[in-house]
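**Student:** Structure below; questions to follow.
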Amino acid sequence: MSELTDHTVRSTPSGVPGRHVTARAAEVPPLVMRCGAFGDIVLLTVLLQQLSVRFGKPVDVISSGAWTRPLLEGQGAVGRLCILRSRRTPYWLSIEQHRLVAWLRERGAGPTWFCDLGVGRELLTHAGIPDDYVCDSTNFPWVRGESFADRYLRLGSLTPSAFDGLLPAAKPGVARAARLDVAAAARRELDYWLARRRLAGRPYVVIHPGSRHVARRWLRPRSGASKYWPEAHWAQVVRGVRELRPDAAILFSGAGAEYALNAEIIRLAGASDLHNVADDLPITTLLPLLERAESMICVDTGPAHAAAALGCPTVALFGTADAELYRPGGATTPALALTGTVDGRQNILGIRPESVIAAWIDLAGGIQKVRDSVKSSVTRG
């Protein structure tokens with residue numbers, strides 16, 4: 001790293017003289033590296049919001065995945081966004097990694113938060129970012145019963161040891177929930193999308209029964225996936241929703257690979273006004289769709305986190321994941337995380353359809369409120 005010539009401060013954690021840290025380095029925008037699944041990136045927005053408020057500037061982000069750019073681009077807390085296709089390719093073989101390192105060197109080393117399990121950390125080293133410039137989440141203790149949102153708020157309040165006394169303190173009042181800002185253009189595009197399906201102006205409930213764990217089974221049975229819930233159970237839930245909300249459309253979301261699963265559930269449900277939209281649902285459409293939805297019932301998957309973050313009442317069925325830690329969208333979102341047990345162990349197959357319907361009614365504010373809503377719509381009609 002090139003020597004900086006402006007005012008310097010020596011950091012001496014534990015009384016041991018450390019490297020010189022300049023005021024200029026402390027003013028470099030914060031940097032976060034997190035490469036994760038759809039839901040991981042939604043939850044990451046808690047940390048990004050915390051750091052953006054703390055530093056008074058957007059946060060530069062290194063991440064991966066086709067979902068990350070449509071999720072984070074345009075978010076107020078996000079500055080420059082760098083997407084890696086692979087962190088596992090050997091550095092000497094990867095032009096992409098070399099470009100990332102060159103960009104990091106150009107922007108200068110500054111306060112950095114590394115939020116992965118270890119893969120990719122060497123890229124920060126290649127870029128000349130010293131270890132004591134980095135808050136590494138792998139060294140950060142876990143707290144039992146804590147949500148990821150609260151963990152990120154704690155992580156974002158820490159200061160890399162080299163910057164002791166140089167950085168602004170964390171500011172109170174940052175939400176304990178993920179945040180996604182939907183662009184006005186995306187909302188307008190959703191209007192066209194709904195109109196093409198003759199759904200404009202109608203209330204709708206979103207059902208999301210699949211996940212990448214189920215979709216990627218190929219020739220293996222779906223039942224082997226930890227987030228698989230039987231099609232017949234989903235069909236029973238759909239019939240329950242239809243009975244209580246006869247006026248609402250029911251939309252089945254998902255990736256293209258989940259279209260067949262949705263179709264089978266629709267066939268078993270035998271109800272009317274069901275719409276399988278998994279074949280035409282890019283993330284830029286999914287987000288405003290969830291924002292406008294009356295509610296969502298789903299497995300523990302990325303769209304569950306997005307829906308809850310967007311204020312959509314969300315009932316999520318959990319497989320083996322920790323439902324407190326991965327509560328949809330964070331600690332304060334309108335969400336209920338359901339778990340079941342089989343032979344004394346947490347298992348999604350232990351969740352009964354009646355429990356899902358009851359949770360959905362409870363989240364909607366009670367069965368009377370749901371029925372009053374139906375009566376009101378019938379009267380208007």
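So that you can scan it fast, the table gives a plain yes or no per residue for (1) touching a Gly at 6+ places or on another chain (Cβ under 8 Å); (2) among the hydroxyl-bearing types (Ser, Thr, Tyr); (3) crowded, with 17+ Cβ neighbours inside 10 Å:
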residue: Ala149; (1), (2), (3): yes, no, yes
residue: Leu155; (1), (2), (3): no, no, yes
residue: Leu158; (1), (2), (3): no, no, no
residue: Gly165; (1), (2), (3): no, no, no
residue: Pro168; (1), (2), (3): yes, no, no
residue: Gly173; (1), (2), (3): no, no, no
residue: Ala178; (1), (2), (3): yes, no, yes
residue: Ala183; (1), (2), (3): yes, no, no
residue: Ala186; (1), (2), (3): no, no, yes
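**Student:** Could you please find all residues in region 255-295 being touching a helix residue (DSSP H, G or I) at 6+ places or on another chain (Cβ under 7 Å), among the polar types (S, T, N, Q) and under 22 Å from Pro70 (Cβ atoms)?
**Tutor:** Matches in region 255-295: Asn276, Thr284, Thr285.
**Student:** Pick from Ala306, Ala278, Ala271: which is within 19 Å of Arg187 (Cβ to Cβ) and at pLDDT 95 or above?
**Tutor:** None of the other options fit; the residue is Ala306.
**Student:** Considering only region 341-350, state which residues are outside any helix (DSSP H, G or I) and more than 13 Å from Asp300 (Cα to Cα).
**Tutor:** The answer is Thr341, Val342, Asp343, Gly344, Arg345, Gln346.
**Student:** Please enumerate the residues belonging to region 109-140 that are in a loop (DSSP other than H, G, I, E, B) and surrounded by fewer than 19 Cβ atoms within 10 Å (Cβ to Cβ). Please lay out each step first, then the result.
**Tutor:** Kept after step one, since they are in a loop (DSSP other than H, G, I, E, B), are these residues of region 109-140: 109-111, 115-120, 127-130, 140.
Listed by number, the residues that qualify are Leu117, Gly118, Val119, Gly128, Pro130, Phe140.
**Student:** Is it the case that region 89-112 has a residue that's closer than 23 Å to Ala25 by Cα and of a type in the set (Phe, Trp, Tyr)?
**Tutor:** Checked region 89-112: at least one residue is closer than 23 Å to Ala25 by Cα and of a type in the set (Phe, Trp, Tyr).
**Student:** Next question, about the same structure. In region 244-265, is there at least one residue being charged (D, E, K, R), surrounded by 19 or more Cβ atoms within 10 Å (Cβ to Cβ) and over 17 Å from Phe38 (Cα atoms)? Let's see the steps before the verdict.
**Tutor:** Quick first cut of region 244-265, residues charged (D, E, K, R) only: 245, 247, 258, 264.
Of the ones still in play, those that are also surrounded by 19 or more Cβ atoms within 10 Å (Cβ to Cβ) are 245, 258.
Add one more test, that the residue is over 17 Å from Phe38 (Cα atoms), and what stays is 245.
Yes, the conditions are met somewhere in region 244-265.
The values are calculated or read from the model by the stated rules, or taken from the named source; none is laboratory data. Everything numeric in this text was worked out from a predicted model, so none of it was measured. Here the Cβ is made from the backbone with ideal geometry for all residues, glycine too, and neighbour counts use every protein chain on show.
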